[in-house]
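See structure below.
The values are calculated or read from the model by the stated rules, or taken from the named source; none is laboratory data. Treat the numbers as computed from the prediction; the structure is a model and nothing was measured. Every residue, glycine as well, gets a Cβ built from its backbone with ideal geometry; the counts of neighbours run over all protein chains shown.
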Amino acid sequence: MGQFNCLICFHEQHGPVYQVKEMMFGLAEAFPYVQCARCGTIQQLNPPADMAPYYPEGYYSLSGLSLSGLQVRWMKQFRFWLYQNTGFSLFKPIYGEWLKRLDAKRGDAIGDIGCGNGQLLYELYASGYRNLTGYDPFIDADLYPGTGLQIFKKSLFDIQGSFDVLMLHHAFEHMNSPDTAFAKVAALLNPSGRLLIRVPVSDGEAWTVFREDWVQLDAPRHYFIPSLAAMKILAQRHGLDLFHVDFDSTAFQFWGSRKYQQGQALYETKDRPQSAAKDTWQLERKARELNAVSKGDQAAFYFRKSQD
């Protein structure tokens, strides 16, 4: 397989080789993954040269964009205003906490890299933001869902300009050169820019328990899974301060991995027992417990430009 170099810390030693099967669509094709002996990053050895076949038309992030009517947009704007100004969280949007921690203003230039169909950006648009740009190399064509919202069929390295806020929601791990990609993202931030990267992490209990059946390995689409140490290395190397980490894993880490253990594709449907709802509640509680001790299987990393 040739000489190994960690994609993040460049260390040359790794642990055992794990044969990880493509199970989102049940292809069962195996791909070798290893874990860096120094920083703990998990990475794929010899990934496919052409990834397009593994992002078929049914891939979840490329499904159709769901639009809201005028009245619904007014309601979403009021809901977001209520959360921002009162902290009322009963009906808070999923993106509320992200934007609050990023201190994202309505006029800020906000970019979402690897945005898929752009649904998240559209929800921000419906909540009153009007300087929104998304990028994804796998969409069919550029999209212009509304004034102040545009989505381009572009890869990271085709992006120009500068941004107040950048987000990568489970997109970073789909990039085959994380060090170069992180450097590019950091360069796109203006001097007071903020960055949110949400990724699976190798520090979680799920990797320890499930190993090659861990659902978030998502072979071969995920080139790598970083550790907390790896994300700190990237930040320091490329002039960013990591100012907050929030573990946000869900029950998916358990039920998805169990399906893979049983040889089921992620999208394969089986008759669920009557206790499924109770089981899901218990698994969500376990996920929250793991998040509280930094052992969930994914996390949100918040960065800002270093002022040194």
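Would it be correct to say that LEU124 is within 20 Å of LEU240 (Cβ to Cβ) and buried (at least 21 other Cβ atoms within 10 Å of the Cβ)?
Values: within 20 Å of LEU240 (Cβ to Cβ): no; buried (at least 21 other Cβ atoms within 10 Å of the Cβ): yes.
No; evaluated as a whole, the condition is false for this residue.
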Can you give me the number of residues within the stretch 203-250 that are buried (at least 18 other Cβ atoms within 10 Å of the Cβ) and basic (Lys, Arg)? 1
Do we find a residue being under 28 Å from PRO178 (Cβ atoms), loosely packed, with under 11 Cβ neighbours inside 10 Å, hydrophobic (A, V, I, L, M, F, W, C) and at pLDDT 90 or above anywhere in the stretch 35-53? yes
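Would you mind finding the one in PHE243, PHE247, PHE252, PHE224 that is within 30 Å of PRO191 (Cα to Cα), out of contact with any Lys or Arg (no Cβ under 9 Å at 6 or more places or on another chain) and of a type in the set (Phe, Trp, Tyr)?
PHE224
Taking the condition of being assigned to a loop (DSSP other than H, G, I, E, B) and of a type in the set (Val, Ile, Thr), how many residues in the stretch 174-202 meet it?
Initially, the stretch 174-202 is screened for residues assigned to a loop (DSSP other than H, G, I, E, B), giving 175-177, 201-202.
Within this subset, residues satisfying the condition of being of a type in the set (Val, Ile, Thr) are 201.
Count: 1.
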Only residues in the stretch 125-139 that are in contact (Cβ under 8 Å) with a residue 40 or more places away in the chain count as the first member; pair them with residues that are part of a loop (DSSP other than H, G, I, E, B) and aromatic (Phe, Trp, Tyr), Cβ under 6 angstrom, at least 6 apart or cross-chain, and list the lot. PHE138/TYR55
Filter pass, GLY114 being touching a Pro at 6+ places or on another chain (Cβ under 9 Å) and either at pLDDT below 65 or crowded, with 18+ Cβ neighbours inside 10 Å (or both): yes
How about the stretch 1-49: which of its residues are hydroxyl-bearing (Ser, Thr, Tyr) and out of contact with any Asp or Glu (no Cβ under 8 Å at 6 or more places or on another chain)? THR41
If ASP158 satisfies every condition in (1) surrounded by fewer than 21 Cβ atoms within 10 Å (Cβ to Cβ); (2) at pLDDT below 95 but one, which is the exception? (2)
Please give the number of the condition ILE94 fails out of (1) aliphatic (A, V, I, L, M); (2) under 17 Å from the mean Cα position of the chain (by Cα); (3) modelled with pLDDT of 90 or more. (3)
Being in contact with a strand residue (DSSP E or B) (Cβ under 7 Å, 6 or more places away or on another chain) and either of a type in the set (Phe, Trp, Tyr) or assigned to a loop (DSSP other than H, G, I, E, B) (or both) is the filter here, so list the residues in the stretch 140-173 that pass it. ASP142, TYR144, GLY148, PHE152, LYS154, ILE159, SER162, PHE163, HIS170, ALA171, PHE172
Determine which member of the set HIS238, HIS174, HIS170, HIS222 is at positive phi and not aliphatic (A, V, I, L, M). HIS170
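Go through the stretch 1-46 and tell me which strands (runs of 3 or more DSSP E), entirely inside it, have 1 or more residues that are basic (Lys, Arg). Show your work before the answer.
Details: elements: 18-21, 30-35, 42-44.
Correct list: 18-21.
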